[in-house]
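First the structure, in the form of structure tokens, and then the observations on it.
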Amino acid sequence: MLEELEGVRVQLISQLDTLTGSLDSSQGIGNQKIAQLKEEYNNIIRRQYPRKIPGADPCKRLPAEIFLEIVQDATDLGRGCSISRVLWLTNVSTTWQNALLSAPTLWTTIDLHNRIPRQQLELELSVALHLSGNAPLHLRIESPYPMWPNDYEMLRPHRARIAKFSLSYIFDAM
């Protein structure tokens, strides 16, 4: 049964990829077909991987400090906790959302770099500054990074909280 579902799942993903690559936003019928295929795909995933496994939620079973340390390790990109990854984990469940949003230490490492779009970076900075509460901050700037006036203005009220500051320069070997 699971092997059959897996075959159908792979086939649906292939159809979705093909359809999404060949459509523009003005093709309503194609968009309806994509929505239908996505729904079929989600139903297969639900049947393959039932959501309710009694007692399996680590957020409920583990002490909070251990759970949060696991989240930090899981979201570490080799340079500290990734704000966007922690935000993504808040979608797991309401329990996870409450635990993660109320843990200031998850939001204290702030990376400023030019590897993600400017608007996303500003949003992440704003979220981190808010959710870190009064906890000490670790600010890391990877240069070349064009500091915008918004960055300075958002950081200014929190400058006393900056406990650690790292600046690294990435050389472009052209």
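The values are calculated or read from the model by the stated rules, or taken from the named source; none is laboratory data. This structure is a prediction, so every number in the text was calculated from the model and none was measured. Neighbour counts run over all protein chains shown; Cβ positions are idealised from the backbone, glycine included. The area values use the complete protein model at the heavy-atom level, side chains included, leaving out ligands, DNA and RNA. Shrake-Rupley method; radii C 1.70, N 1.55, O 1.52, S 1.80 Å.
For the reader, a short list of remarks on this structure follows.
- Scan segment 57-80 for residues that are open to solvent by less than 30 Å² (accessible area, probe 1.4 Å) and in contact (Cβ under 8 Å) with a residue 40 or more places away in the chain and the total you get is 2.
- Boolean, LEU12 is surrounded by 13 or more Cβ atoms within 10 Å (Cβ to Cβ) and modelled with pLDDT of 70 or more: yes
- Qualifying residue in segment 112-128 (condition: open to solvent by less than 40 Å² (accessible area, probe 1.4 Å) and without any contact (Cβ under 8 Å) to a residue 24 or more places away in the chain): yes
- Pair list, Cβ under 9 Å, 6 or more apart: segment 81-96 residue small (Gly, Ala, Ser), other residue in a loop (DSSP other than H, G, I, E, B): SER84/ILE116; SER93/ASP57
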